[in-house]
1. Assuming VAL323 fulfils every condition listed in (1) surrounded by fewer than 18 Cβ atoms within 10 Å (Cβ to Cβ); (2) not in a helix (DSSP H, G or I) apart from one, which condition is it?
2. With the requirement that a residue be under 16 Å from GLY192 (Cα atoms) and outside any helix (DSSP H, G or I), what does the range 136-155 give you?
3. Quick one: which residue in GLN101, GLN72 is modelled with pLDDT of 95 or more and closer than 30 Å to SER228 by Cα?
4. Just to be sure before I move on: is THR269 in the same structural domain as ALA358 (by TED's automatic domain parsing) and among the hydroxyl-bearing types (Ser, Thr, Tyr) in the structure I sent?
5. Kindly check whether there is at least one residue in the range 176-199 that is at pLDDT 95 or above, exposed (fewer than 14 other Cβ atoms within 10 Å of the Cβ) and touching a Pro at 6+ places or on another chain (Cβ under 7 Å).
6. What do you reckon, is ALA217 of a type in the set (A, V, I, L, M) and within 37 Å of the chain's Cα centre (by Cα)?
7. Inside the range 38-54, can you point out the residues that are over 10 Å from PHE405 (Cβ atoms) and among the aliphatic types (A, V, I, L, M)?
8. Considering each residue of the range 198-214, count those that are touching a residue at least 40 places away in the same chain (Cβ under 8 Å) and part of a loop (DSSP other than H, G, I, E, B), and give that number.
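The values are calculated or read from the model by the stated rules, or taken from the named source; none is laboratory data. Small disclaimer: the values here were computed from a predicted structure and weren't measured. Heads up, the Cβs are rebuilt from the backbone with ideal geometry, glycines too, and the neighbour counts pull from every protein chain shown.
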Amino acid sequence: MTSSISLASLGVGSGLNDASLISTLVGIRQAPLTAMQTQQTNIQNASKTISSFASNLSALQTAANALSDPTQYSSYTASSSSSAIVASASSGAAGGTYNLQVTKLATAQLTYGNPMTSSTGALGMSGSLGITGATSPVTVNATDSLATIATKINTSGAAVSASVFYDGTSYRLQVQGTATGLANAVTFDESGLTPAAGSPALGLSDPANAYQSAGDATAYVNGFKITSPSNQVTGAIPGVILALTAVTATAVTDPPVVVTVASNPAAITQKVTAFVTAYNAMVTAGHAAAGYGAAAASNTLLAGDRAVAGSLSRLSSLIAADVPGSDSTFQNLGSVGLSFNKDGTLTLDSTKLGAALASDPSGVQKLFVKDPTSGSTGIMGTISSAINTLTTGSGSLIQAEVTSFTNRVTNLTKSQANLQAQVATYQATLQAQFSSMESTVQSNKTDFFNLGGTGTFV
């Protein structure tokens, strides 16, 4: 008897592609995982954008802090009519003009030894050489050369630098003090040093070999004599450092070098320019993040973002407002040259700011800097405090949003892990079921043929 049993209609049979079916079914089950991953990436990108915006706020705060320092508004610059005196202003400077004459520069001691025939040959000299400031006398051995002695002097602890000088015929020790000024004079004691028979002494202690003695600088400021152990002179002009590079006169009656100390509004202008640049960068970053006008947000999660919009609104309001306690002439930033553009960025009229600084620097200072005496709150300190409120602490707009994004990413990570575990279990179950089904089909085939069935079992 010939018969044919078809199990294809039941979806089973030896030709079934189990792996493909399992893969398809598992793919359907884990489809939500892809959506979660996409959502998580978007949230992470949004968090990075907000953190970047916070960095812009921090840069603006740094620029504001630079303008909230009252010492910046007494900034001065110093200039000199001659390169022989280089003048630079520091804190504490005040405007004025000064006449200077330099009659002597500060010098370091320079001493040469007696001439020798070689720099590397043994001198036959022995004993000890005393040097001012050395931790102990320099020990000299009969086998030492000039070069060896120079090395020993350099490691003695004395404030000197030793080398070998060659004049084309003979070699000499050259020892120079490392510091200028009379107080840094160096003396040599060769009483404990015995030269070889018939050879000259080292000669450093011979006054005739002292090429240059240590000495203080001498100058006159408006006719008053000053001395300095260094050619860097401080204190002669309040808040000004004078670098003396050359003698300018032999007497106080000689024509002077004129040093002028004047206010430096350019320093404040540079800091205000830096503030405007930082503010505009912050506004541009905020518009790109949350969208502005026809431009869409860089991330759909940040469209019209509350933290970004709140920050921009708060800071623009402060910049536009009058400053309590400020000078009647300069009551807001617009009065010193800062104005808004249509897109919310700032423009600086440096000419207007320069005129304000020239006419009333203290009035500009009251606008920018907190002054308890006048009651001025100082716009720059107020802006800095506002940025702290926006960015610092769990209740701040920026930090609260970053924390929210972080929590959402954490929750999505957990959800993905749970779903992946469920999918893995589901896949294992399918594989077991299909394996059991294939075993059943194979068993039925065997029974069919064992019972005498013929034909095709499909």
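1. Here VAL323 clears every test but (1).
2. SER136, PRO137, VAL138, THR139, VAL140, ASN141, ALA142, ASP144
3. GLN101
4. Against the criterion (in the same structural domain as ALA358 (by TED's automatic domain parsing) and among the hydroxyl-bearing types (Ser, Thr, Tyr)), THR269 qualifies.
5. yes
6. no
7. The answer is ALA54, and nothing else.
8. Total meeting the criteria: 9.
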